[in-house]
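Structure record follows, encoded as structure tokens.
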Amino acid sequence: MVGDAHQLFIGLDIGTSSAKGVLVDAAGHVIARASGDYPLLVPRPGWTEQNPEDWWEAAQSVLAELVAQADTAVAGIGLTGQMHGAVFLDAQGAVIRPAILWNDQRTGAACEAIETAVGSERLRRITGNPALTGFQAPKILWLRDNEPEHYAQLAHVLLPKDYIRYRLSGAFATDVSDAAGTLLLDLEARNWSEEVLEALDIPRGWLPQVFESPDVSAELSESGAQATGLGAGTPIMAGAGDNAAAAVGGGIVKSGVALVSVGTSGVVFAHSDNATPDTSGELHCFCHAVPGSYHLMGVSLASGGSLQWFADRIASDEAAVAQRLGRNLHELLAAEAATVAPGADDLYFLPYLAGERTPHMDPDARGAWIGLTLSHDRRHMVRAILEGVAFSLRDSLVRIEAQGVKPEKLILGGGGAHSEVWRQILAAVLNKPVAVQRDQEGPAYGATLLAAVGAGVHADVDAAVAAMVEAPEHFESPDPELVAEYAPRYDRFTRLYPALRDAL
């Protein structure tokens, strides 16, 4: 029940390309939005970095813009942002070097060292994940082995959103969902793993205090208030990593419904009441932003990104047509694909243009069309992309269900959810009723729900969702004929990548 519907909350998302913020009331109405961009640094091929000061400047601007549109004091702040990154600070709290991001690929040797030091199966049982290049722990080892002069100064390691918390409050704190993406958290204990820290020789004192996502983690300092226009003492909730925050904003806080996001990357996100690590390493298992709960997540690295690549690099003629007609190029391509029969005349597409995570965990995976003939044209190629992405997402759903988590319905998010033909394909391939996510504000919106809980306006995350999230009214059931068409095609799809990988 809403205590005061007019109380206002801010959700701040420190994304990879920009900081985004929303100002929301206790009933879930968005009062204002703001954003601020910052650059991505690529000092070498495969390296991605950002300057934390750029995040801070954007965060100040976003918060000040939102505060200017508030007609009453903000009752709480929820933080979210890109996961896995590493911000290295010295004993005075100064940034030592640019932050290394989630999509940086420099840490392959460090990942091997972690698997050796902890043991592959043991690591997955404790942390819920294998050692992947994007996670934070291998970045710490990379710093040790490659920049010893910086490593010698190291006193604190923070995730991106938690650096903003530090600048706002002076507190070193994080939340369980984001901390679970460091490869240093004990999932069941929901705190740092002494066993992993000892094996990797990482001092516990370098890491922030861990809170549940709706908990008050800090209060805005006087300097933070001066920088943003917010009131000193405003509570700052622990918040969540971007995927968990987006799931809260979409109402994915209990069993039975999963989130399937078809953005640049693709994500299948399912709530779990228990920690159920996949010891094969094909799925991620993290703490959820709902206290005491968890989530399983599969990731396909180039979902909408595959269609975007096709639009940018191949469909130049269509781009001109779309511009002349005043239509969205993606919608035009999808409409053409809809004229092709399901199965694209036996053409398959492997959407591994950026390597792949679930289920292959192979940064060297590559995309391919398989089965091309003289009869195929651009329409078939686009249809194969839409179907190949759906098959890759089913790879994640199959593995989530194998862990005993069996969603009955799917909420679709991201740009791909708005394509009617792609929705039909996804419903049939995944063989579940689907609905489009109503909230399109992203992780920042979910962070406002956590802020409302932490401020005591809503009793818990379930109550916040009930009061603030508009649930879909209608789920589209899969077409039985399409389900029957795609089932054997998915089986063939699963055999294609292993056959190609073994041949190269």
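A short reminder: the numbers here are calculations on the coordinates, not readings from a lab. On a predicted model such as this, the values are computed, not experimentally measured, just so you know. Glycine gets a Cβ as well: all are built from the backbone with ideal geometry, and neighbour counts include every protein chain shown.
In table form, for the structure just shown:
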read-out	value
Listed residues Met361, Ile400, Trp192: farthest to the positive end of the dipole of the chain (Cβ charges)	Met361
Length-normalised contact order for segment 8-250 - Cα pairs under 8 Å, 6+ apart - percent	21 percent
Segment 94-200 shape via C-alpha gyration tensor axes, a/c threshold 1.5	oblate
Cα-centred dipole magnitude for segment 291-413, charges only on beta-carbon of K, R (+1) and D, E (-1), debye, nearest 20	240 debye
Under 22 Å, Cα to Cα: Lys pairs in the chain, sequence gap 8 or more or different chains	7
Dipole of the chain [Lys/Arg +1, Asp/Glu -1 at C-beta], most positive-end residue of Val262, Val421, Ser223	Val421
Mean-position separation - Cα centroids, segment 12-35 and segment 461-492, in angstrom	27 Å
Dipole of the chain [Lys/Arg +1, Asp/Glu -1 at C-beta], most positive-end residue of Gly326, Ala435, Ser18	Gly326
Charge tally in the Cβ shell below 12 Å around Ala58, where Lys, Arg are +1 and Asp, Glu are -1, Ala58 excluded	-4
The chain - share of DSSP beta bridges that are antiparallel (%, nearest 5)	70 percent
Cβ-Cβ FRET estimate between Arg378 and Ala91, R0 fixed at 51 Å, reported to 0.05	0.30
Spin-label model distance (nm) - Glu481 vs His6, 7 Å beyond Cα toward Cβ	5.7 nm
Alpha-carbon centroids, segment 168-217 and segment 319-389: separation in whole Å	41 Å
Simple Cβ-charge dipole of the chain, Lys/Arg +1 and Asp/Glu -1, about Cα centre, in debye nearest 20	720 debye
For segment 424-455 versus segment 38-64, the gap between their alpha-carbon centres in whole angstrom	27 Å
Segment 297-439, relative contact order in percent, only Cα pairs under 8 angstrom and at least six apart counted	26 percent
Total formal charge among the other residues, if their Cβ is under 15 angstrom from that of Glu356, Lys/Arg +1 and Asp/Glu -1	+1
Computed magnitude of the charge dipole of segment 8-250 (debye, nearest 20; Cβ of K, R +1, Cβ of D, E -1)	240 debye
